[in-house]
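Quick notes on the structure that follows.
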Amino acid sequence: MAKLITSLLLAAIFVGLILLAAKAWRVRRREQAVLFGAPAESFAAGLKGSESAKVQYVATTIAGEPLNRVTAYGLGFRGRATVTVGDAGVLIERTGERSLALLNSQVTGTNFTQAVIGRAVEKDGLVAINWNQDQTELTTVLRFNSAADRNRILQASPVLSRKAI
């Protein structure tokens, strides 16, 4: 009988912790939604002269805070994506999540990094795109499948190649 009570108590504590974590995620998402509006999901005129590559969407964070994941507007989940660059900007089409369209005027810089929110790779293995959304500075981090794809995309984008460090 003692084992049953202990098991039920541990199960209740486990469920309680999961509920607290889910509530914290929802609160964070609401707080961040107040800071800035929903980013665009596509370009009205499309992308002319575009290049694409398969990538891993790692995270979007508040700029300068690599452990502060943005959860608002579906930006909180890591996954596969296709990045397309063209004359208008950068389009990140994520599998199973909403896309993210960044106008060239929103992009403030691009640099290489090694780690962000639980993801550490070789030196300069991640591309961090710094951008603004309603006066909030954000950083979106991508992991390219190959250095050749990364270099091709950076060179194809007028704004990423100019600002890459």
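All of the numbers you see were taken from the coordinates with simple rules; none came from a lab. Model, not experiment: these values are computed from the prediction. FYI the Cβ positions are ideal-geometry reconstructions off the backbone, even for glycines, and counts take in every protein chain you see.
What to note about this one:
- Taking a ≥ b ≥ c as the square roots of the eigenvalues of the Cα gyration tensor, segment 51-163 is rounded, since a/c falls below 1.5.
- By the beta-carbon count within 10 Å of each Cβ, the least crowded to most crowded order of 73, 57, fewest first, is 73, 57.
- Derived scalar couplings ³J(HN,Hα) [segment 29-35; Karplus, 6.51 cos²θ - 1.76 cosθ + 1.60; whole Hz; x for Gly, Pro]: 4, 5, 4, 6, 5, 6, 5
- Förster radius 30 Å - calculated FRET efficiency between residue 19 and residue 135, Cβ distance, rounded to 0.05: 0.30
- Annotation: aspartates and glutamates with alpha-carbon distance below 13 angstrom to residue 48 (same-chain offsets under eight excluded): 87.
- From least to most packed, judged by other beta carbons within 10 angstrom and beginning with the fewest, 54, 3 follow the order 3, 54.
- Computed label-point distance, nm, for sites residue 145 and residue 12 using a 7 Å Cα→Cβ extension: 5.0 nm
- Ellipticity estimate at 222 nm from DSSP helix runs (n ≥ 4, -39,500 (n - 2.57)) divided over the chain, nearest 500: -10000 deg cm²/dmol
- For a modelled paramagnetic label at residue 28, 7 Å from Cα along Cα-to-Cβ, the residues of segment 137-153 in reach, with backbone nitrogen under 18 Å, are 137-142.
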